[in-house]
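Notes for the one structure printed next.
The values are calculated or read from the model by the stated rules, or taken from the named source; none is laboratory data. As the structure is a prediction and not an experimental result, all values here were calculated from the model. FYI the Cβ positions are ideal-geometry reconstructions off the backbone, even for glycines, and counts take in every protein chain you see.
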Amino acid sequence: MNSSQEHRIIEDASLGDILRRTKGLTAEQVRQTLEHQQTHQVRFGDAVVALGFARQVDVVWALSQQFHYPYAPTAEQNLHEELVVANDPFSEEVEAFRDLRSQLLLSVVGDSGSRSALAVVSPDVGDGKSFIVANLAVAFSQLPGRTLLVDADLRGPRLHTVFGVQPGPGLSSILAGRAEPNVIRPVEHLPNLYLLPAGVMAPNPVELLQQATFSLLLRELLEKFDHVLVDTPAASQGSDARIIASHCGSALVIARKNRSRAPALQKLVKQLGKAPVKLGGILMNEF
């Protein structure tokens, strides 16, 4: 037996073991699958599906576990439908998020000498900014290391809903000087992803965000997490987004196809250009 054959048998045994532990395959079904695989010269996953012992989605999920690539394709895990990168990570559409992640790592957030948090901003409400930042955070969490998503939209936060986190203390409490335990929450089913929710809606969001406390917090978070992404209110709601971006040090601008108006987009980009912000680009949201 040559080394490649040995490697393939080890992979098949590992895949079969994962399916036995998680999907209820029996030892006899694994044996039959291996026989079918050898007879028909197909992959183990194709064999187990052909015999009806598992679904294709089960095999893909088992492979993701084997290669430490977390995602959640099963309905029982109950992830929000907006989290397309987690729910359907092998679709063609999701490649756009992987490509965006790569571009951002190469341009604004991957420099180990001057790492920065990434603020995701947009001109208007409804541009899909929270959808983009949520899925981008999932994409970053599928890399080695830990990813933190900060909901700094203190006017209309919704990331706690998208990620199924119970409302409670969050960023607003920290900026108001109240120490709260367990403010940063792990995201269920996505082991490398964490969420700092917005917390209680404050009557003075601009004043809270303007404080140096926010910059100090982001520096501390960048020491504890490999990637930090920050959601913001729409620029049309006030100066929050620009303030957040200046604290973060880098920004990605989101516009929506057939909806965003050029003057509002140009105004936002011009305003960001006056601050010490590295611009990661302008993304046209077609979702």
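Results for (1) under 22 Å from LEU272 (Cβ atoms); (2) not polar (S, T, N, Q), shown as yes or no for each residue.
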{"position": "HIS160", "(1), (2)": "no, yes"}
{"position": "PRO181", "(1), (2)": "no, yes"}
{"position": "ALA202", "(1), (2)": "no, yes"}
{"position": "VAL206", "(1), (2)": "yes, yes"}
{"position": "SER215", "(1), (2)": "yes, no"}
{"position": "LEU221", "(1), (2)": "yes, yes"}
{"position": "VAL230", "(1), (2)": "yes, yes"}
{"position": "SER239", "(1), (2)": "yes, no"}
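Selection of the stretch 213-242 for residues being of a type in the set (Phe, Trp, Tyr) and under 21 Å from MET201 (Cβ atoms) yields only PHE214. Among the residues of the stretch 27-37, those identified as surrounded by 11 or more Cβ atoms within 10 Å (Cβ to Cβ) and without any contact (Cβ under 8 Å) to a residue 12 or more places away in the chain are ARG31, GLU35. Considering each of ALA251, ALA245, ALA241, ALA235 in turn, give the residue that is more than 18 Å from ALA137 (Cβ to Cβ) and assigned by TED's automatic domain parsing to the domain that holds PRO186. After applying the criteria, what remains is ALA235. Being hydroxyl-bearing (Ser, Thr, Tyr) and either surrounded by 24 or more Cβ atoms within 10 Å (Cβ to Cβ) or farther than 28 Å from GLN271 by Cα (or both) is not true of SER116. Residues of the stretch 226-242 that are surrounded by fewer than 22 Cβ atoms within 10 Å (Cβ to Cβ) and not polar (S, T, N, Q): ASP226, GLY238, ARG242. Taking the conditions (1) hydroxyl-bearing (Ser, Thr, Tyr); (2) closer than 24 Å to GLN271 by Cα; (3) surrounded by fewer than 22 Cβ atoms within 10 Å (Cβ to Cβ) in turn, SER130 satisfies each one other than (3). Here the stretch 248-267 is the region considered, the condition is being in contact (Cβ under 8 Å) with a residue 40 or more places away in the chain and assigned to a helix (DSSP H, G or I), and the residue that is nearest to LYS278 (Cα to Cα) is CYS248. Those helices (runs of 4 or more DSSP H) of the stretch 35-97 in which at least 1 residues are at pLDDT 80 or above, considering only elements entirely within it, cover 44-50, 84-87.
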